[in-house]
Amino acid sequence: KNEVEQSPQNLTAQEGEFITINCSYSVGISALHWLQQHPGGGIVSLFMLSSGKKKHGRLIATINIQEKHSSLHITASHPRDSAVYICAVRLLDSGYALNFGKGTSLLVTP
Amino acid sequence: DVKVTQSSRYLVKRTGEKVFLECVQDMDHENMFWYRQDPGLGLRLIYFSYDVKMKEKGDIPEGYSVSREKKERFSLILESASTNQTSMYLCASSLSGTGAEQYFGPGTRLTVT
């Protein structure tokens, strides 16, 4: 079972393009996280959302609780944005644990 | 800045060996987690701990055990390593409370031959 689905699985974009990565989930959640993983393994938390929209630099994350959907947008993409982006949700009845999507692998070419 | 460190970035062990993976965090976090990450499967929770000496099984605890004797340190133990435990292992920590952000370590890539 996977309560978290991400799309697309792989994405190639040219530098400067606007990028959208989508995350859908099927059950009630208390929070949704967007994470970034660069080659080599380390994971960095980008956003934690429970409603609305958050912005940090060129990154924007939105969540629609009613539709059980979140998007991560990257404006003016750059090759250094190349990474795997992972959506994770904290289910309402799961306490501390997160359920993860399988990730979206983004490659931004010069 | 929160810092989560893991004892090794790369580790090669033989089938049947006992393997210890160590994780240390420096922010006095109550919660600590061990995940494994495999291609096509994403991250899956092995065990987590919400306090010293307290632990709960995650989604895939079979073949693993954990130890948390001190608040800052959470160890993952493979009692008898097998080739299907070849994976990337990631540790994370967070404050208590279900809304807390998790901070991840750099990961240990374990190969069991």
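Brief remarks on what is shown
- Residues (within 14 Å of another protein chain (Cβ to nearest Cβ) and surrounded by 14 or more Cβ atoms within 10 Å (Cβ to Cβ)) located in the stretch B:69-100: B:Phe74, B:Ser87, B:Met88, B:Tyr89, B:Leu90, B:Cys91, B:Ala92, B:Ser93, B:Ser94, B:Leu95, B:Thr98, B:Ala100
- Scanning the stretch B:47-68 for residues that are among the charged types (D, E, K, R), in contact with a Phe, Trp or Tyr (Cβ under 8 Å, 6 or more places away or on another chain) and more than 10 Å from chain A (Cβ to nearest Cβ) yields a count of 3.
- Note on the stretch A:35-110: enclosed strands (runs of 3 or more DSSP E) holding 3 or more residues that are within 14 Å of another protein chain (Cβ to nearest Cβ) are A:43-49, A:83-91.
- When residues in the stretch B:22-46 are screened for being open to solvent by 70 Å² or more (accessible area, probe 1.4 Å) and more than 11 Å from chain A (Cβ to nearest Cβ), 3 of them pass.
- You will find that of A:Leu92, A:Leu49, the residue that is touching a strand residue (DSSP E or B) at 6+ places or on another chain (Cβ under 6 Å), aliphatic (A, V, I, L, M), more than 18 Å from A:Thr12 (Cα to Cα) and open to solvent by 30 Å² or more (accessible area, probe 1.4 Å) is A:Leu92 and no other.
- Every test in (1) open to solvent by less than 30 Å² (accessible area, probe 1.4 Å); (2) without any contact (Cβ under 8 Å) to a residue 60 or more places away in the chain is passed by A:Cys23 save one, and that test is (2).
The values are calculated or read from the model by the stated rules, or taken from the named source; none is laboratory data. Quick caveat, the model's predicted, so the values are computed rather than measured. Note that each Cβ is placed from the backbone with ideal geometry, even for glycine, and that neighbours are counted across all protein chains shown. To get the accessible areas, we keep the full protein, side chains included, count just its heavy atoms, and leave off ligands, DNA and RNA. Shrake-Rupley method; radii C 1.70, N 1.55, O 1.52, S 1.80 Å.
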